[in-house]
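The values are calculated or read from the model by the stated rules, or taken from the named source; none is laboratory data. Owing to the predicted nature of the structure, the values given are computational and were not obtained by experimental measurement. Methodologically, a virtual Cβ is constructed for each residue, glycine included, from the backbone with ideal geometry; neighbour enumeration extends over all protein chains shown. These accessible areas exclude ligands, DNA and RNA; they are computed on the full protein's heavy atoms, side chains included. Shrake-Rupley method; radii C 1.70, N 1.55, O 1.52, S 1.80 Å.
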Amino acid sequence: MASQGATRSATRSEPGLLRSAAHVLEYCLLAYRRSFRASLFSSFVQPTLFLAAMGLGLGGIVDRSGAAVSLGGVSYLAFLAPGLLASAGMQTAFSEGTYRIVAAINWVRTYFAMIATPVTPRAIAVGEIAFILFRLWIVTGIFSLVTLAFGVDRSPGGFILAWAAAILTGLAFATPIAAYSATRRNAESFNALFRFGMTPLFLFSGTFFPIERLPAFLQLVAALTPLYHGVALTRGLALGTLDPGTGVVHIAYLATLAAAGTVACLVTFQRRLVS
């Protein structure tokens, strides 16, 4: 079926890449209509529970212990919320960039139906990235509104910039993960990806405590991870404490990773769907 789709795709004139990608995005949005109510509800409930339990509950104990100095002079709630916002971007990237891609290639074979039309594998990759970007916009936007309700953001500008930083963080994870998912013939490897990738990053990249509290050799490892840069960027923008030079480093790191992942997506989708 793959070879038939490739032959048909090769013999038809290719429309514009962005126009074809828009059709793929339209398909993804139409499919998302069936589940968007449940996803919106969970996107609101999860950050509310996290911030109430850990930010207010656990945070009250932390604040009374006099730990504000090691947290940059802010309450634990203000320290934690931007970190969780950036982590929500990462978790959305893992969720949207793994099983959906494998299902469309191996189980439902939606992509092979697409390449039987003038839509190309590159257009599918771009359309999927656009849909993941849409999901990041929704999930991190709801999370940002919750942090605003908890009084974390110090200014409207900080609220918007922190939201954008969380989206960039998610995109830095989403494109490499989607590229990797396009090479998979089953979902078994995702268990290791979630357990040994997402979970350690979530716990040790500065979301819950400053990485300076880690042993020296782990501080360097943590500082090299994408989530550390996303958390530091989001936290600095939300609290208005970001050094401009450091901010440029964080943005360049995340943008480079997102761009490299996009190129990898174009390659892996092409190889997998036309082979």
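Check off (1) open to solvent by 50 Å² or more (accessible area, probe 1.4 Å); (2) of a type in the set (Ser, Thr, Tyr); (3) touching a helix residue (DSSP H, G or I) at 6+ places or on another chain (Cβ under 7 Å) for Thr262 and give me the number that stays unchecked.
Thr262 satisfies every listed condition except (1).
Condition check ((1) of a type in the set (Val, Ile, Thr); (2) open to solvent by 10 Å² or more (accessible area, probe 1.4 Å)) across all residues:
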{"position": "Leu80", "(1), (2)": "no, no"}
{"position": "Ala93", "(1), (2)": "no, no"}
{"position": "Trp107", "(1), (2)": "no, yes"}
{"position": "Ala149", "(1), (2)": "no, yes"}
{"position": "Pro156", "(1), (2)": "no, yes"}
{"position": "Ala162", "(1), (2)": "no, no"}
{"position": "Thr183", "(1), (2)": "yes, yes"}
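Anything in the range 70-90 that is in contact with a Leu (Cβ under 8 Å, 6 or more places away or on another chain) and under 15 Å from Leu233 (Cβ atoms)? List them, or say none.
Hits for the range 70-90 are Gly72, Phe79, Ala81, Pro82, Leu84, Ala86, Ser87, Gly89, Met90.
If the requirement is being of a type in the set (Val, Ile, Thr) and touching a residue at least 24 places away in the same chain (Cβ under 8 Å), which of these qualifies: Val263, Val274, Val248?
Val274
Can you tell me which residues in the range 37-59 are over 20 Å from the mean Cα position of the chain (by Cα) and of a type in the set (A, V, I, L, M, F, W, C)?
Result: Leu49, Ala52, Ala53, Met54, Leu56, Leu58.
Name the single residue, out of those in the range 203-221 being crowded, with 19+ Cβ neighbours inside 10 Å and not β-branched (Val, Ile, Thr), that is nearest to Gly157 (Cα to Cα).
Here the residue is Gly206.
Looking at the structure I just gave you, is Ser144 crowded, with 17+ Cβ neighbours inside 10 Å and more than 28 Å from Val274 (Cβ to Cβ)?
Yes, satisfied.
Checking the conditions here, which among Ala216, Ala187, Ala222 is more than 30 Å from Ile124 (Cβ to Cβ) and touching a helix residue (DSSP H, G or I) at 6+ places or on another chain (Cβ under 7 Å)?
Ala222
Does Phe134 satisfy the criteria of being open to solvent by 30 Å² or more (accessible area, probe 1.4 Å) and of a type in the set (A, V, I, L, M, F, W, C)?
yes
Being modelled with pLDDT under 90 and either surrounded by 11 or more Cβ atoms within 10 Å (Cβ to Cβ) or within 20 Å of the chain's Cα centre (by Cα) (or both) is the filter here; which residues of the range 21-36 pass it?
Answer for the range 21-36, where residues must be modelled with pLDDT under 90 and either surrounded by 11 or more Cβ atoms within 10 Å (Cβ to Cβ) or within 20 Å of the chain's Cα centre (by Cα) (or both): Ser35, Phe36.
Could you tell me which numbered condition Val231 fails, if it satisfies all but one of (1) in a helix (DSSP H, G or I); (2) out of contact with any Pro (no Cβ under 9 Å at 6 or more places or on another chain)?
Looking at each condition in turn, Val231 falls short on (2).
Read through the list (1) in a helix (DSSP H, G or I); (2) open to solvent by 60 Å² or more (accessible area, probe 1.4 Å); (3) in contact (Cβ under 8 Å) with a residue 12 or more places away in the chain, then give the number of the only condition that Ala172 fails.
It is condition (2) that Ala172 fails.
Report yes if some residue within the range 116-124 is in contact with a Gly (Cβ under 8 Å, 6 or more places away or on another chain), of a type outside the set (D, E, K, R) and surrounded by fewer than 24 Cβ atoms within 10 Å (Cβ to Cβ); otherwise report no.
Yes, some residue in the range 116-124 is in contact with a Gly (Cβ under 8 Å, 6 or more places away or on another chain), of a type outside the set (D, E, K, R) and surrounded by fewer than 24 Cβ atoms within 10 Å (Cβ to Cβ).
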